[in-house]
Amino acid sequence: MIACGYYRNAATLPMQLAFIAGPIALPLIVASLAPSRRTSVWSVTAAILAVGWVYVVYCDTRLDPGGGASFAVIVGWFAAVIALAVALLLTLALAARRR
C-alpha cells in the first residue's frame, strides 16, 4: 500500500486495508472449502489474484508524466471477482464429483 501510494494517513488505513484484503481473502476462503485437491484449487485462485494485483502495483508504481488518480485497484477487484468465480466453480465441481 505504501509503495503504490494508497496509504494517505492513519485514519483511513483500516478502511483501505479492508478494501484490499477483503476481495483477496474471500476467493481464498472459498478455495479452502474444496473437499479434495484443495491445494490445486487454492493455487489456481492465488495465481489469478496475483496476476491482477501485480498489475495494480505495476500501474501505480510506474512513472506517469501525466499524474492524476489511478483507478488500477479496480483491476485488482475484477481479478478477485474472477478468482472467486473460478474457486466457487472448482469447489462445486469437486464436491459434485465426490458424491
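A few remarks follow.
- Screening the stretch 72-98 for residues that are within 21 Å of Arg37 (Cα to Cα) and of a type outside the set (A, V, I, L, M) and picking the one that is modelled with the lowest pLDDT gives Arg98.
- Residue match in the stretch 41-53 (condition: at pLDDT 90 or above, open to solvent by 70 Å² or more (accessible area, probe 1.4 Å), under 16 Å from Leu26 (Cβ atoms) and not basic (Lys, Arg)): yes
- Among residues of the stretch 17-39 that are within 19 Å of Tyr55 (Cβ to Cβ), those with a Cβ under 8 angstrom from a residue that is open to solvent by 40 Å² or more (accessible area, probe 1.4 Å) and among the aromatic types (Phe, Trp, Tyr), sequence gap 6+ or separate chain, pair up as Ile20/Tyr6; Pro23/Trp77; Leu28/Trp42.
The values are calculated or read from the model by the stated rules, or taken from the named source; none is laboratory data. All values derive from a computational prediction rather than experimental measurement. Heads up, the Cβs are rebuilt from the backbone with ideal geometry, glycines too, and the neighbour counts pull from every protein chain shown. Surface accessibility is based on the protein's heavy atoms, side chains included, excluding ligands, DNA and RNA. Shrake-Rupley method; radii C 1.70, N 1.55, O 1.52, S 1.80 Å.
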